[in-house]
Amino acid sequence: MTIPVRSGAAPDPVAPHRPDATGLVDRYGRAATDLRVSLTDRCNLRCTYCMPAEGLPWLPGTQVLTDDEIIRLVGVAVRLLGVTEVRFTGGEPLIRPGLPAIIAATAALTPRPVISLTSNGINLDRLAAPLRAAGLDRVNVSLDTLDPARFTELTRRPRLDAVLAGLAGAAAAGMTPVKINTVLMRGVNDDEAAALLRFALAEGYELRFIEQMPLDAQHGWDRAEMVTAEEILASLRSEFRLTADPAERGGAPAETWLVDGFTDRAGRPARVGVIGSVTRPFCGDCDRTRLTADGQVRACLFATEESDLRGALRAGADDEELARRWRIAMWGKRAGHGIDDPSFLQPARPMSAIGG
Ligand code: SAM
Ligand code: SF4
C-alpha cells in the first residue's frame, strides 16, 4: 500500500514518527477507509451473547452525539480522511429517529461513500424504502435461528416474524445484497447452519457466520465453547458443496465460498461467508475505524483505548483539528486483537456500546 504523504509539513509533536499522510494510516502500513458509526447503545432485543436480560446502564442522553454532530464527524472522515464506506450500527440503529436524515446527509457528501447498515431487522419492513430513498445502499440483518421458540429464547423477545419481514422489506426496497449475520452457539443453534443457508439461498440473501467473540457485557465468552469457522464449514459441507471463492477478499472480514448449484438474486453464483475473527484473524488487512455513539474513536473492536472527539467538537475544534485527532488515534492502532495472548483483556465496553 502507498501512504499518500504531504511534503514539507512539520512532524506532529504527538505522533512524531507518523508520516504526514492525509488518511487514517497506522504504523503497520494499514489505512482505514471503512468507518463504523454506532448510533446508539440501546436495543430492542437482548441477545444472550450480547446483553444481559435487564439491559445495560445506557449512555446518558447528553453524552450521545446529536444527529448534527454525527453528520459533521462523518463528513470529516469522508472529506478529509479518505473514508469511502460508512456503516451505521449500534445497539440497534433503526431505533434512532434521525437515521433517515443522517443517511441522507452522508449520501450528499463528496466523494459519496458506500452507505450500509447493520440491524436486527425489527421495523425494517416499513423503514427499508425510506432509508433506501435517503441513500442506504446495503443492509446486514442479524438472524441466528429460524425457530420461533429458539429465537425468543436467544433474543429474549418474540420477534422472529418482524425480523423475517424486515429482511423481505430490504430486498423489496432494492438493497443488494441483503446479507444475514449469524452467530452460532454450541448447544443453542449450532445445529442450524445448513438450515439457515438453505433459507438464505431460497430467499436470495447472502449468509455470513460470525465466530462468537469475547465482547459480551456479561463476560461469559469461553473459547472452548465457541463454534469455530472450521466446525461451521464442516456442518455446511454435510449438505452443500462449497468451493473457494476466486474473488479478491481485500479488507473484507468474511472468507467466502461459492455454493455449487445455486445463484443469487442477480443470477451470480451464490456465496456463503464465514468471519473467523478468533480462529482466522484478519487484523493484518483491517481497514476499519470506529466511532461510538458518544463520540469516541476506536481503532479496533478490541481496543482498550479511545480518543474523545466529542469533547473537542463541543469545545469548538474545527474540522482540521478533528481530523488531526482522528489520525493520531488511528496511528496508535495495534497490530492485532490479541485474543490468544495470555495478557488479553476484554474491552470495558461491550459490543452493543462499541458498535458491531
Ligand atoms: N443490533 C444490530 C444487530 O444485531 O445487527 C447491530 C449491532 S450488533 C452488536 C452487530 C453484530 O454483532 C450482530 O450481527 C451481532 O450478531 C454481532 N454480535 C454481537 N455480540 C457478538 C459477539 N459476542 N460475538 C460475535 N458477534 C456478536
Ligand atoms: Fe441488540 Fe444487536 Fe446486541 Fe442483539 S446483537 S442485543 S440485536 S445490539
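The values are calculated or read from the model by the stated rules, or taken from the named source; none is laboratory data. Computed from a predicted structure; not experimentally measured. We place every Cβ from the backbone using ideal geometry, glycine too, and count neighbours over all the protein chains shown. For the accessible areas, the whole protein counts, side chains as well, though only heavy atoms, and no ligand, DNA or RNA atoms are used. Shrake-Rupley method; radii C 1.70, N 1.55, O 1.52, S 1.80 Å.
A few notes on this one:
- Taken together, the criteria place Thr243 among residues that are loosely packed, with under 12 Cβ neighbours inside 10 Å and assigned to a strand (DSSP E or B).
- Residue within the range 217-232 that is part of a strand (DSSP E or B) and within 12 Å of ligand 1 (Cβ to nearest atom) present: yes
- Filter pass, Ser277 being over 30 Å from Thr33 (Cα atoms), touching a residue at least 12 places away in the same chain (Cβ under 8 Å) and surrounded by 18 or more Cβ atoms within 10 Å (Cβ to Cβ): no
For (1) open to solvent by less than 10 Å² (accessible area, probe 1.4 Å); (2) within 16 Å of ligand 2 (Cβ to nearest atom); (3) modelled with pLDDT of 95 or more; (4) outside any helix (DSSP H, G or I), each residue gets a yes or a no:
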{"site": "Ala162", "(1), (2), (3), (4)": "no, yes, yes, no"}
{"site": "Ala165", "(1), (2), (3), (4)": "no, yes, yes, no"}
{"site": "Ala170", "(1), (2), (3), (4)": "yes, yes, yes, no"}
{"site": "Arg198", "(1), (2), (3), (4)": "no, no, yes, no"}
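- Only one of the numbered conditions (1) in a loop (DSSP other than H, G, I, E, B); (2) open to solvent by less than 10 Å² (accessible area, probe 1.4 Å); (3) more than 24 Å from Ala224 (Cβ to Cβ) is not met by Gly174, and that is (2).
- Subset of the range 308-356 that is among the charged types (D, E, K, R) and assigned to a helix (DSSP H, G or I) - its residue that is nearest to ligand 1 (Cβ to nearest atom): Arg310
- Test: residue in the range 200-207 that is within 18 Å of Thr145 (Cβ to Cβ), without any contact (Cβ under 8 Å) to a residue 24 or more places away in the chain and either away from ligand 2 (no atom under 14 Å from the Cβ) or surrounded by 14 or more Cβ atoms within 10 Å (Cβ to Cβ) (or both): yes
Here is a yes/no grid of residues against (1) among the β-branched types (Val, Ile, Thr); (2) at pLDDT 95 or above:
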{"site": "Glu255", "(1), (2)": "no, no"}
{"site": "Gly273", "(1), (2)": "no, yes"}
{"site": "Leu313", "(1), (2)": "no, yes"}
{"site": "Asp318", "(1), (2)": "no, yes"}
{"site": "Gly336", "(1), (2)": "no, no"}
{"site": "Ile354", "(1), (2)": "yes, no"}
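- Taking the criterion of being away from ligand 1 (no atom under 11 Å from the Cβ) and out of contact with any Gly (no Cβ under 9 Å at 6 or more places or on another chain), the residues of the range 81-94 that qualify are Thr84, Glu85, Val86.
- Unmet requirement for Ala329, which otherwise passes all of (1) closer than 22 Å to Trp58 by Cα; (2) open to solvent by 10 Å² or more (accessible area, probe 1.4 Å); (3) touching a Ser or Thr at 6+ places or on another chain (Cβ under 7 Å): (1)
- Per-region count, the range 338-352, residues modelled with pLDDT of 80 or more, out of contact with any Asp or Glu (no Cβ under 7 Å at 6 or more places or on another chain) and open to solvent by less than 30 Å² (accessible area, probe 1.4 Å): 2
- Scope the range 135-160; condition open to solvent by 20 Å² or more (accessible area, probe 1.4 Å) and among the hydrophobic types (A, V, I, L, M, F, W, C); matching residues: Leu146, Ala149
Yes or no, residue by residue, for (1) within 16 Å of ligand 2 (Cβ to nearest atom); (2) open to solvent by 30 Å² or more (accessible area, probe 1.4 Å):
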residue	(1), (2)
Pro16	no, yes
Arg27	no, yes
Leu35	no, no
Gly91	yes, no
Ile103	no, no
